[in-house]
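Accompanying notes for the structure given below.
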Amino acid sequence: MNMNRTANRNRNTRSGLSYVYVSYVSINNNGYVAVIDPTTDQIIKRISAGYNPVAMCLSPSGDKLYVADGLANMVYVYSTDTFNLIGSVPVDNKPVAILVEPSGKKVYVANYGYPCLTIFDAITLSFIGNLYSVDTMSFAISCNENSPYVYVACNEIHPTRDSTLAIRIINNGPNVALGPAGPGTIHDSTRNFLTVHPNGHTLVELGNIGALDFLSPENGLVAAAPTSSLDNTVSGIYLDNGLLFCTMREERNFLKLFNNLDIDVNSKITYDDYKEIPSYKGQDKIRTSLTQKYIGVTIQATDHPTGGLQIYDVDRGTSRFVELTSIGDLAFFSDTKAYVGGFTSVQPIDLTTARPLNPIPIGTTYFKVKNVISGYSNQT
């Protein structure tokens, strides 16, 4: 999940880094986005955002904020220079994920209430079209700047045939439907099971049965193979240096770490190194910091009584744990702070000391925090 630095000081902090955006909703279905300056941890703006802001993303340049409303079936687009509404785009039933592809030209919206994906122009906000699928509900999206595809995670109505759709960003060829890794493949629809190797041609599919796919711009799907190395994984992040971090199903208390897990055109799967990182049961969100120095994994209360945030230092290979009483979404600001959503507040965490700072109240008990983002990400 990459976060981009931009030069415009109006839409970012003085360091040129993105503000932190927190969506929340009131008990009477009024949606808002709070804009937090992470240099002061103060809310500098509150934006009205429909009824139920279920997903957010930023453009690669950081100039626009896209907010999907799961109740109104709309995407609202805001200028991050002024925080004013630029326009709105109707989508299909129950949007749950939204992503701008790396060139910043197209926006993809996963709709979980109807078997289609909505695509619109990121600049003009004009509707491009709905991509319909048969008996599948899309719920998560991933991409990579070196890949010509956007990958969409789908749950099929038949629960044992979850699948993935590879969509060409430039319309010069057919899309590719990737079948399940094997009979009985089931993915967790509350998390994104797709991540892309930095080489751009290898897609990693995580699940109770894991798999790798090799796709080329010219020939689409060239090779695919299941691998037991990825079995019982849930979600993951591929770093630019070739390290792949995977969270595990609830009953397992470790993370999987691969170095350069890849597949070739002959379906041969290789990796340079593998190890298990001690963790906790109840692994939830996984994110990386700006320069990919830190990996963060939120932990729901299971074998650890309170839950919290596991912070893994990629260079040192060490972990620290921050206990928290309320654990929701997760975002990083630079390599200095993490922000964990609570029920009615957001908890900043100092990454140097691994200590929680003063919580940022978002609202009263009549409000609930939904999502937390900071900077552009290539995964929903």
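The values are calculated or read from the model by the stated rules, or taken from the named source; none is laboratory data. Keep in mind that what you see is a predicted model, and the values were worked out from it rather than measured. Because the Cβ atoms are built from the backbone with ideal geometry, glycine has one as well, and the counts that use them run over all protein chains shown. Ligands, DNA and RNA are excluded from the accessible area calculation, which covers all protein heavy atoms including side chains. Shrake-Rupley method; radii C 1.70, N 1.55, O 1.52, S 1.80 Å.
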Contact list please: Cβ distance under 6 Å, first residue in segment 318-329 and among the hydroxyl-bearing types (S, T, Y), second residue modelled with pLDDT under 95, pairs at least six apart or on different chains. T325/T306; S326/G342; S326/F343
Subset of segment 196-237, residues buried (at least 16 other Cβ atoms within 10 Å of the Cβ) and assigned to a loop (DSSP other than H, G, I, E, B), comes to H197, P198, G200, H201, L206, N208, I209, N232
Just to verify a result, which residue in segment 107-166, among those that are more than 22 Å from N378 (Cβ to Cβ) and of a type in the set (F, W, Y), is modelled with the highest pLDDT? F127
Which of the residues belonging to segment 36-51 are of a type outside the set (K, R) and open to solvent by 40 Å² or more (accessible area, probe 1.4 Å)? T39, T40, Q42, I43, I44, S48, Y51
Contacts under 6 angstrom Cβ, first residue in segment 115-138 being in contact (Cβ under 8 Å) with a residue 60 or more places away in the chain, partner of a type in the set (A, V, I, L, M, F, W, C) and surrounded by fewer than 16 Cβ atoms within 10 Å (Cβ to Cβ), 6 or more apart: none
Looking only at segment 328-380, count every residue that is among the acidic types (D, E) and in a loop (DSSP other than H, G, I, E, B) and tell me the total. 2
Kindly establish whether T325 is more than 30 Å from A224 (Cβ to Cβ) and not in a strand (DSSP E or B). yes
Among strands (runs of 3 or more DSSP E) entirely within segment 90-146, at least 2 residues that are polar (S, T, N, Q) and buried (at least 20 other Cβ atoms within 10 Å of the Cβ) occur in 136-143
With segment 251-318 as the region, which strands (runs of 3 or more DSSP E) entirely inside it contain at least 1 residues that are buried (at least 17 other Cβ atoms within 10 Å of the Cβ) and touching a Ser or Thr at 6+ places or on another chain (Cβ under 6 Å)? 254-259, 283-288, 294-299, 308-313
